[in-house]
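Each value in this text was obtained by applying a stated rule to the coordinates, not by laboratory testing. What you see is a predicted model, and the numbers here were worked out from it, not measured in a lab. In this analysis, Cβ positions are derived from the backbone assuming ideal geometry, glycine residues included, and neighbour counts consider all displayed protein chains.
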Ligand code: PEP
Ligand code: MG
């Protein structure tokens, strides 16, 4: 089955009836690009830029160093989309020179966009480097902020992008329930949403993503999480904007069908998962995905949601 799935897996992502769902790759830097290209990724849906900041524990990388790394990733997808996430420091990704050392609850403290708004020089350098890296390339550059909580966050990020002269779409990650609940107001400031389901699960269930004892609550099949995905996707549709998923949820082939049924417009995942998601999505129509999504949302637990979706898609 593994081999059959791989053989059936080339070309752009789409349901059996031709509803397009671009399949993008999550990358951590230039080293991950060859695997993404080999798996037929239509672009990058999440470029985690933290890796660049790990070499030096005292300062951010120079603009030149950043330009070189961004350019390598942008050049690999000449006509594609590349969604770059600005630095997401703090909590599970601490950086000594940026992350406060004395917070009682780092996941609820200064992390993600909050860190960058406290260090505008770091954000400015990163955005300027991105603008320069994209110069002269036909790539569709999109830049998004992690941990956007409300409209004010989205506006501050969009203002910083404009001030840096960035000619790209600006977006907000939906990783905090408040952002999903008020997605329409966030979309007044930015052009797209991207659901970070790993953090969205953590904050929805008050379950630390690094604590194994509460991993049951990190299951992205939880109906409450699916409700927040649906809210975000509906808001984006109402505003004529896109809403992708770039958390681990997108790499589960069955859940990818459910997310599509909830109205998500693109799926981004580790390259290794791409062929399986592409093959599974191609087996079902959009209407089947929508029925599976409705069945999953009607369930009362992650397990029930998964088997309800499975039941719909296997024609039970
Ligand atoms: C997420 O939270 O789902 C996400 C994509 O970002 P990260 O896993 O890097 O926090
Ligand atoms: Mg996250």
> What is the residue count in the range 206-226 for residues that are within 17 Å of the chain's Cα centre (by Cα) and within 22 Å of residue 108 (Cβ to Cβ)?
Replying inline: 5
>> For the range 62-116, give me each residue that is in contact (Cβ under 8 Å) with a residue 12 or more places away in the chain, in a helix (DSSP H, G or I), surrounded by fewer than 21 Cβ atoms within 10 Å (Cβ to Cβ) and within 16 Å of ligand 1 (Cβ to nearest atom).
In response: 106, 107, 114
>> Restricting to the range 117-130, name every residue that is surrounded by fewer than 19 Cβ atoms within 10 Å (Cβ to Cβ) and part of a helix (DSSP H, G or I).
In response: 117, 118, 120, 121, 124, 125, 128
>> I'm trying to understand the selection: among the residues of the range 219-249, which are in a helix (DSSP H, G or I), surrounded by 22 or more Cβ atoms within 10 Å (Cβ to Cβ) and in contact with a helix residue (DSSP H, G or I) (Cβ under 6 Å, 6 or more places away or on another chain)?
In response: 225, 226, 228, 232, 235, 249
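A quick yes/no check of all residues on (1) touching a residue at least 60 places away in the same chain (Cβ under 8 Å); (2) over 25 Å from residue 154 (Cα atoms); (3) away from ligand 1 (no atom under 15 Å from the Cβ):
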| site | (1), (2), (3) |
| --- | --- |
| 229 | no, no, no |
| 244 | yes, no, no |
| 249 | no, no, no |
| 255 | no, yes, no |
| 266 | yes, no, no |
| 281 | yes, yes, yes |
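Which of the residues belonging to the range 74-118 are farther than 30 Å from residue 203 by Cα and touching a strand residue (DSSP E or B) at 6+ places or on another chain (Cβ under 6 Å)? Explain how you work it out, then say what you get.
Initial filter on the range 74-118 (farther than 30 Å from residue 203 by Cα): 74-80.
The answer is 74, 77, 80.
Return yes or no: is residue 163 in contact (Cβ under 8 Å) with a residue 12 or more places away in the chain, within 16 Å of ligand 2 (Cβ to nearest atom) and touching a helix residue (DSSP H, G or I) at 6+ places or on another chain (Cβ under 9 Å)?
Working: in contact (Cβ under 8 Å) with a residue 12 or more places away in the chain: yes; within 16 Å of ligand 2 (Cβ to nearest atom): no; touching a helix residue (DSSP H, G or I) at 6+ places or on another chain (Cβ under 9 Å): yes.
Spelling it out, it is not the case that residue 163 is in contact (Cβ under 8 Å) with a residue 12 or more places away in the chain, within 16 Å of ligand 2 (Cβ to nearest atom) and touching a helix residue (DSSP H, G or I) at 6+ places or on another chain (Cβ under 9 Å).
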> Given the structure, is residue 199 surrounded by 20 or more Cβ atoms within 10 Å (Cβ to Cβ), within 16 Å of ligand 2 (Cβ to nearest atom) and within 13 Å of residue 228 (Cβ to Cβ)?
Replying inline: yes
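Can you name the residue in the range 166-182 that is away from ligand 1 (no atom under 16 Å from the Cβ) and over 14 Å from the mean Cα position of the chain (by Cα) and is also farthest from residue 149 (Cα to Cα) among such residues? Explain how you work it out, then say what you get.
Residues of the range 166-182 away from ligand 1 (no atom under 16 Å from the Cβ): 166-170, 181-182.
Among the residues that remain, those that are also over 14 Å from the mean Cα position of the chain (by Cα) are: 166-169, 181-182.
Numbers: 166: 22, 167: 24, 168: 22, 169: 19, 181: 10, 182: 9 Å.
Top of the filtered list is 167.
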> Within the range 145-156, is even one residue more than 16 Å from ligand 1 (Cβ to nearest atom), part of a helix (DSSP H, G or I) and closer than 25 Å to residue 65 by Cα?
Replying inline: no
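Does the range 30-50 contain any residue that is closer than 15 Å to residue 119 by Cβ and surrounded by 15 or more Cβ atoms within 10 Å (Cβ to Cβ)?
Step one: list which residues in the range 30-50 are closer than 15 Å to residue 119 by Cβ, which gives 49-50.
With surrounded by 15 or more Cβ atoms within 10 Å (Cβ to Cβ) added as a condition, the list becomes 49-50.
So far as the range 30-50 goes, yes, one or more of its residues are closer than 15 Å to residue 119 by Cβ and surrounded by 15 or more Cβ atoms within 10 Å (Cβ to Cβ).
Is the range 172-186 home to any residue that is part of a helix (DSSP H, G or I) and over 30 Å from residue 228 (Cβ atoms)? Quick ask: steps written out before the conclusion?
Kept after step one, since they are part of a helix (DSSP H, G or I), are these residues of the range 172-186: 177-181, 183-186.
Filter once more, so that each one left must be over 30 Å from residue 228 (Cβ atoms): none.
No, that holds for no residue.
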